[in-house]
Structures are given as C-alpha cells and as structure tokens.
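Read through the structure below, which is laid out as structure tokens, and then see the notes.
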Amino acid sequence: MALDLKRETPNIALCAMLLILILVSLWAFLQYGSFKSSYQKTPIPGETSGKQFKPISLEPFIPAIDSLRKPAPVERDIRDGKGGHQVFVANQLKFDPLTKELKMVDPDKEEVDGIPFNWLDRYQLPKEEGIGIKDPDNDRFSNKEEYDWFVRTQQETSPVDSKFHPDWATKLRYNRFIKEDFLILFKSYNEMAGEISYQINRAISQSGSSKPRYKTEFLKAGESSKGPDGTYKIEKFTKKTIKSTDAQGTPSEKDVSELIITRDDGVELTLTHGKEEVASKVKGELQFPFATVESEKKIIVEPKGTLRLMGKTYKVIDINEKNITIREDAGNEEFKIDLTN
C-alpha cells in the first residue's frame, strides 16, 4: 500500500505544537512553586504574626504641618527707602450675599468693625463682624483698641502678643467732677516803716455752710497763706479809690484797692479791699477698672498734680466738667478722658 504524505503532514505539526505548549506550562508551574516557597509575606502592623512593626510617630512632623496650615504673613522688606524683595500675593475676593457676586477687595480700604483688612491680615485675624471686640492675647485690650492705638501713636502693638499693647491710661474712666468753693476776704492793709502788711481772712470751711469759720493772717508781699483750698502767695498790691456821693449829696471816697494773689495750682485771684471773694477748687475722680491695688481703683486728682498708674507717672494738665487731660511724664503722650455719662 502506498502512503499519502500530503494528508499526514498537518497532523504531525499539530501534535508538535501541543507538545510545546504542555512543556511551557509545566515549566511555568514549576517556577511558580519555587517562587511561592521562597516568598515571605510582609506582616501588617497589628497582625498576629509573631512580630509587629512599631507605629511611626508623627510628632516631629507636627510643627511642619501647622506651618503649612497657617503660613506666615507675607510682607515687603523695605530698607533705607529701597524696595526689597517682592512676593506675588493674589487679590482677595469677597462674596456679596445680596447680589450673589464675588467682588474684588482692596485691603487698604475694606474694613470690618472699623479695622482695615490689611491690619487684620498682618496678624492673621479673621475678617468677620465682631472681631473688633475680641481679645486674642487676653491682655484686656480689644482688637479695635489695639488698632486705634497704633493709628494714634504709630507705636508697636500686637493683638496676638500680650507684651505689646496700648497705654493703660486709655483704660481710665472719669467718674465725677468735684468743685468746692471757699471764701476769702481782703480785710485791710497797714503801712508801717515803708512796708505794707495785708489782713487776709480765709474760710477754713466751704462756702454755703451755715457759719463758715475764718482764719486771720497778716502777710507781706512774697509771703504765703496755706488753707484747705491750697497755698496762696501775695504778688502785687495796687492802691485805688473811687469817689461817690451819698443820699444827702455828701461826697466821699471809697477804698477799692486790689491785691493779686496766686494759688499753687496756677490760679490767680484779684481781691478787692473789703469785698469777700469766692475761690473755687476743682478736682476729678478717676477710676481704673483693672487696678490690682486699692489706691488705683479710685483716684482723686487735682490740677497740676500727678497720677501714678501701673508704674508710670502722669501729670494732670487740666480738669473741667467735660474731661480731664493728663500727660505721661516720660513719653510726653497726652490723654483726654471724657466724663462718663
């Protein structure tokens, strides 16, 4: 029998291909088994495997994380009038709930509670209503008080650092205006051996009393008289008379000589011979709400006097029914304290 080689050839090729696939699969299987036996699984922290990984501490990263959350404010470095480095800062926007539109913000002009945005940005304070009365550093000065002090004096202050704050004198309250009237009489004068002595009668109780008591003194030019309303010094005497006629037509002369005296608080009085005058003495009652000592809770001050407050000395410049003006002794800063209504 003769073979048909053309019909048998395809069957042989197919068998060869199958054999090659079987051999490749067998090799891959053997390789996987070898890999699996040598592979060691990485344990998961907390999984019971005989060994546990110690959790990583995030503590060293906390400052870096906080700095990313609260970046430091960007400022332009200007020295000796020359512009230093400049950093691009994106414009600020705000949402208008009425028009439902976003609007560009000018930090120099936009404000909340009377405080400009640029000042709030400098200390990373929120631009929201009510920020003016808050006190982030608990130094008893609100954000608005700190900003007003900066505008007034251009002195360093910080709403987030209690070491920098306005002067404590800004916390004084003017509670009460006190006025006392005292009677003083230029009773007479006497010339002897070229010198003149003046009789001064001073009431040692206030006017308005039923029977004020008087103290009589005889003084010469340059001498002083002390009393409850202060110390007076004899300054100048001028002899004067005026002519008059009585009901019967009889002419006469009346002595209206004048004596000028000055008080230790700078007040000058002109006394007329034989005429009782009223000398007023004014005082003011101040209150310091944050006093730690009793003497600073309520303070009575007089014109030209001094005031001690939180280790500082102030001079009393003026007292009237509306306000008291004081001046810091060292810094020469003036404060006008209005009467509390």
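The values are calculated or read from the model by the stated rules, or taken from the named source; none is laboratory data. All of these numbers come straight from a predicted model, not from anything done at the bench. Positions of Cβ are generated from backbone atoms using ideal geometry, with glycine treated the same way; all protein chains shown enter the neighbour counts. Please note that ligands, DNA and RNA were not included when accessible areas were found on the heavy atoms of the full protein model with its side chains. Shrake-Rupley method; radii C 1.70, N 1.55, O 1.52, S 1.80 Å.
Checking Glu253 against (1) on the phi > 0 side of the Ramachandran plot; (2) more than 20 Å from the chain's Cα centre (by Cα), only one condition comes out false. Which one?
(1)
Quick one: in region 123-150, which of the residues that are buried (at least 17 other Cβ atoms within 10 Å of the Cβ) and over 22 Å from Trp168 (Cβ atoms) is modelled with the lowest pLDDT?
Lys127
Filter region 80-122 for residues that are over 17 Å from the mean Cα position of the chain (by Cα), outside any helix (DSSP H, G or I), at pLDDT 70 or above and surrounded by 12 or more Cβ atoms within 10 Å (Cβ to Cβ) and give the result.
Those that are over 17 Å from the mean Cα position of the chain (by Cα), outside any helix (DSSP H, G or I), at pLDDT 70 or above and surrounded by 12 or more Cβ atoms within 10 Å (Cβ to Cβ): Glu110, Glu111, Val112.
Suppose we filter region 151-168 for residues that are surrounded by 16 or more Cβ atoms within 10 Å (Cβ to Cβ), free of Cβ contacts under 8 Å to residues at least 40 places away in the same chain and not in a loop (DSSP other than H, G, I, E, B); how many remain?
Number satisfying all stated conditions: 0.
How do the pairs read when you match residues in region 216-238 that are open to solvent by 70 Å² or more (accessible area, probe 1.4 Å) with residues anywhere that are among the charged types (D, E, K, R) and assigned to a loop (DSSP other than H, G, I, E, B), using Cβ under 9 Å and keeping only pairs 6 or more apart or on different chains?
Lys233/Glu223; Lys233/Asp264
Take the residues of region 174-188 that are touching a Leu at 6+ places or on another chain (Cβ under 9 Å) and surrounded by fewer than 18 Cβ atoms within 10 Å (Cβ to Cβ): which is farthest from Lys215 (Cα to Cα)?
My answer is Asn175.
Only one residue in Gln206, Gln248 is modelled with pLDDT under 95 and either within 30 Å of Phe335 (Cα to Cα) or within 49 Å of the chain's Cα centre (by Cα) (or both). Which one?
Of the residues listed, the single one that is modelled with pLDDT under 95 and either within 30 Å of Phe335 (Cα to Cα) or within 49 Å of the chain's Cα centre (by Cα) (or both) is Gln206.
For region 274-287, check the following and say yes or no: at least one residue is open to solvent by less than 70 Å² (accessible area, probe 1.4 Å), over 51 Å from the mean Cα position of the chain (by Cα) and touching a residue at least 60 places away in the same chain (Cβ under 8 Å).
yes
With respect to Lys171, determine if the residue is in contact (Cβ under 8 Å) with a residue 12 or more places away in the chain, of a type in the set (Lys, Arg) and open to solvent by less than 60 Å² (accessible area, probe 1.4 Å).
Spelling it out, Lys171 is indeed in contact (Cβ under 8 Å) with a residue 12 or more places away in the chain, of a type in the set (Lys, Arg) and open to solvent by less than 60 Å² (accessible area, probe 1.4 Å).
Any residue in region 197-212 that is in a strand (DSSP E or B) and open to solvent by 80 Å² or more (accessible area, probe 1.4 Å)?
No; the residues of region 197-212 include none that is in a strand (DSSP E or B) and open to solvent by 80 Å² or more (accessible area, probe 1.4 Å).
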